[in-house]
1. In the stretch 298-325, what residues are in a strand (DSSP E or B), under 22 Å from residue 467 (Cβ atoms) and polar (S, T, N, Q)?
2. Can you spot a residue in the stretch 468-481 that is surrounded by fewer than 14 Cβ atoms within 10 Å (Cβ to Cβ), modelled with pLDDT of 90 or more and β-branched (Val, Ile, Thr)?
3. Any idea which of 163, 177 is part of a loop (DSSP other than H, G, I, E, B) and either of a type in the set (Gly, Ala, Ser) or touching a strand residue (DSSP E or B) at 6+ places or on another chain (Cβ under 7 Å) (or both)?
4. Quick check on the stretch 366-380: of everything there that is within 37 Å of the chain's Cα centre (by Cα) and not aliphatic (A, V, I, L, M), which residue is surrounded by the most Cβ atoms within 10 Å (Cβ to Cβ)?
5. For the stretch 4-58, which residues satisfy the criterion of being modelled with pLDDT of 70 or more, of a type outside the set (Val, Ile, Thr), in contact with an Asp or Glu (Cβ under 8 Å, 6 or more places away or on another chain) and surrounded by 14 or more Cβ atoms within 10 Å (Cβ to Cβ)?
6. Please return the ranges of strands (runs of 3 or more DSSP E) entirely within the stretch 353-412 where 1 or more residues are of a type in the set (Ser, Thr, Tyr) and touching an Asp or Glu at 6+ places or on another chain (Cβ under 8 Å).
7. If we scan the stretch 61-79, do we find a residue that is under 17 Å from residue 7 (Cβ atoms) and modelled with pLDDT under 80?
8. Would you please list the contacts, defined by Cβ atoms under 8 Å and residues six or more apart or on different chains, that run from a residue in the stretch 277-298 that is touching a residue at least 24 places away in the same chain (Cβ under 8 Å) to a residue that is hydroxyl-bearing (Ser, Thr, Tyr) and part of a strand (DSSP E or B)?
Amino acid sequence: MAGTAWPLQQFIASLDNTCLPKILQVCSGVYFQGSVYEISGSEVCFSTGDLIKVIGIELLSVCCEDISKHEKFELPISHTGLFKVVPEDNPYSSVEEMLSLRPVGLESCLPFTFTCRSKTTIGDFTLGVGRTLTVLSIEQRQGEEDQVRCHVQGQQESSAEISFPLSFQGEFSECESEECFTLREIMSSPCLRSRRFRFSNSTKYERPLLLSPIYQVHAIMNLRKDILKFPSSLEVDVVDVTELCKDVNFVTPLSLTEILSQPDESFPKVVEIVEGPDTRSLFNCSWLPELSQGSQLVFHKIGTSAMVLLSSPKSRKAQKYFLVSQQYGGRFRRRPREFNSVYELYVASIQAPGLKFSVTRNSEEVEEEGLPALSVGEQLEIVGCERMELPCESSKEQKQSIEALLCQRLRDPDDGDEDDDDEEAVKQEDERQQIYLPLYMHGHYVEVLTDNKKYRLSDLGKECTLPLDVKVVSRDTELETDPLSGFACLKIEGAMLEPTIQASFPHRPDHCFEIPTRWLSMSVSFTKDPLPWSSSQPPKCHVDRVTEVTDKFFYEFRKQGNADEAPPPRPPKRNMSSSKSCKKSSSKSMKKSSKADKSKHLQDKSVPTKDLANLTLTGKKRPPAPPLPADFDNDQPPPVVPRKHSAAEMTTGKALPNTYVKMEESTKKVSLCNVEADVDSDHDYETVDETLLTMMKNAQENVNFY
C-alpha cells in the first residue's frame, strides 16, 4: 500500500463528483458491530486490502459534533435552521489569514469586521487596542499587492477609511457576525466546513458545533457485480490508489437506459444480469421469470418499435392486456364500439366527426333536465356540440344552459318512398328529426359501422382514430401461439413509440423478444463470453410480436395519457322551490286519493257484494254448492237428517239435553225492543237493550285488561 491513510468520512468529504471515479484500498477499521454488516438487504464485508471504486457520492445529512462534550447527532440536509460562525479564540497574524477562512462565492462574504489586539500604525494612521475595522472591499492593482479597504469608526461618531496590504502583520481577531448560513451553504464551502457554528435562533443549544457532511457512497468492487451503497460515516481507513490500479478491471453495471446509449457496433453481445427486475413487474410474459440475477442474455440490437396496447373485454374472467408490435402479421376487422353515456359519444366524435350510433335501451323523457325520450333501434348521427337552454317553470327563474350533442335522426329506407313535393313539409320534418342529447345523459348506445374491410395493425393506426374495437379474423402465422386470436373482441387503447432491446436466451438465440426499456428496470454487465453461434452463420431471428402485460401497466399508461383530461360534466342543479311545490301538490293529491279510496272502501263494506260474501275467514273463496236433487221443492223445508246417537244415549236410552236450546232460552230473557222498519230505507236496524250493551262493555274491558 502506498499513500497516506485517511478516515473514510474525511476523505469522501474532500471529494466532488468532478474528480470521480476514485479507487480506494481498505486499510483497517471496525464499524457497526463487526466487519460484516447488512445494508439495503445486501450483506457487505470490507476486508483489509479490498479495492473499492467510488463512482458517485450523494449528500444525505450533516453530523453535528459538540466538541466540549464529545456528543454527536445528525441533521438532514433539508434542515431549515440557520447557523452563525463562532469566532476563533486565537488571534490571526495577518488580515489575509482571516480572509482565507471566509466563504468563497457567497454574496454575504463582505463586509467583514475584526479588531486589533495591539496598537498598530498603518502609514500615518495609528490604531489603538480594541479598535474595530470593517472590510469593505479588496482592491486589486496591477503589478502591486492587493489592498484591503476598511472603514474605521472613531470617537464622537467620527469615521475614516484606510487601505493597507493583505500581508500587513499584527494581532487581529474576528468579531461575531450577524450573517447566517444554511446547512447546504456550509457544506458547499470547504472554508466554512472547517469553522465552528452555533444555532442562530435557538436558546436550548448554544454550545459550538463542528459540522461534517455524511454522504451516501455509490461504489463497485472488483469481486462484486452489484453497486454498493453505504454511508461515508463508516469507521474505516482508506488509501487512494487510483494511479496504481488504473488497469484493474471493475465490472460496471449498466441499466437498460444506459444500454441504449451504447453504439450500434457493440451488438450483438452476451450480457449477464447483475440485478434482476422487480418481482412486481408490469409484464406477465413467459420470458420474465428467466430474467434472474446471474443468468445471461444475448442483446442482438437496440432500436425503437411502434406498439399498440390492446385490452380484452370485461367478463367473469380476469381482463387481459397485450403490448403488440405494429409488425404483427394478423388481420383485424373493426367491431362497433359501445358507449354508456353521451359524454363518451362526444369524446369519440371529436376524433371521428359524423359518428353514427344506435340506441340499445329505452330512455324516458325528463323535460326539466332536458333529457329526450329514446327508443331501442333509433339511429342518430352526431352533427356537433352546442349549448341548449333548459325549460323553466316561471318567468322569474333564470334559464340554465348546458352543453349537448346536436344529433340528426337517420331515416329508415322506407321513408324515401313518400311524396316529397311539399318542400316546406320536408323542411319541418327535418327540423323535427334534430334532437339534443345533454353530455351528462346516461344510456346505452352502439356504433353503426358499414366497414367490413380487413386491416393490418399498422393500417388501423393510419386510417382510423383510437380507441377502436377490433377482432382478429386471421392469426399471425409466424407465431407459435397467437394469444389474440381467441378473443371475440379486443380494444385498441392507444399507440406508442417505445425504445426496445431485441434479446434472446443463449440456449435459444433465434427466438427473440423485445424488452421495452422504459417499463422494465434491471442492470446488466457486458461479458467477454463468445456468442452462441458461429460468426459466419448468424441465426435467423423470429421475434415475439405480442407481450402480455398486467393491469398495472395499463393504469400507468392511462395515467400518462389522460393527465389533463377534463372530467365529464355534471347535470344542472334543480330548482328546489319548484321541486318542493311539486312534492306538496303530489302529497295533497295523494291524501285526497287516499281519503276517496277509504270512503269508497267503507261504502263497499256496508253493502257486501256477491264476491265478498263468498269469501271465507282465510280469504279463499267458498267451494261451489252441490247440485240440487230433481224433486227439490222450494216451498217445502229441507228434509231433517237423523241425529247420530252418542255412546251415552246408547247405554242409557235417554237423549242428552240440548245445549243449544238452553242458549236460546237464555237469550229470550233479554227483552228486545222491536223497531218498526223504515220502508224507504235500504237497511233494517235493530235497537239493542241497555243491559246487553253493559254486558258487551264489561267483556271488552276484561279483554283489554288481559
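1. In the first step, residues of the stretch 298-325 are kept if they are in a strand (DSSP E or B); the result is 298-311, 321-325.
Then drop every residue that is not under 22 Å from residue 467 (Cβ atoms), which leaves 305-311, 321-325.
If the condition is that a residue be in a strand (DSSP E or B), under 22 Å from residue 467 (Cβ atoms) and polar (S, T, N, Q), then 305, 311, 325 are the ones that fit.
2. Start the filter on the stretch 468-481 by keeping residues that are surrounded by fewer than 14 Cβ atoms within 10 Å (Cβ to Cβ), which leaves 473-474, 477, 480-481.
Filter again for modelled with pLDDT of 90 or more, leaving 473-474.
Going one step further and asking which of them are β-branched (Val, Ile, Thr), we end up with 473.
Yes, some residue in the stretch 468-481 is surrounded by fewer than 14 Cβ atoms within 10 Å (Cβ to Cβ), modelled with pLDDT of 90 or more and β-branched (Val, Ile, Thr).
3. Details: 163 fails: part of a loop (DSSP other than H, G, I, E, B).
Residue meeting the stated conditions: 177.
4. Checking each candidate, the answer is 370.
5. Filtering the stretch 4-58 for residues modelled with pLDDT of 70 or more gives 4-28, 46-58.
When the remaining residues are screened for being of a type outside the set (Val, Ile, Thr), the result is 5-11, 13-17, 19-22, 24-25, 27-28, 46-47, 49-51, 53, 56, 58.
Filter once more, so that each one left must be in contact with an Asp or Glu (Cβ under 8 Å, 6 or more places away or on another chain): 5-8, 11, 22, 24-25, 27-28.
Correct list: 5, 6, 7, 8, 11, 22, 24, 25, 27.
6. Values: elements: 356-359, 379-389, 401-409.
Once the strands (runs of 3 or more DSSP E) in the stretch 353-412 are filtered for at least 1 residues that are of a type in the set (Ser, Thr, Tyr) and touching an Asp or Glu at 6+ places or on another chain (Cβ under 8 Å), what remains is 356-359, 401-409.
7. Checked the stretch 61-79: no residue is under 17 Å from residue 7 (Cβ atoms) and modelled with pLDDT under 80.
8. Sorted first by the residue in the stretch 277-298, then by its partner, the pairs are 283/547; 285/547; 297/504; 298/504.
The values are calculated or read from the model by the stated rules, or taken from the named source; none is laboratory data. No experiment lies behind these values; they were computed from the predicted model shown. When we count neighbours, we look across all protein chains shown, and the Cβ atoms used for this are built from the backbone with ideal geometry, even at glycine.
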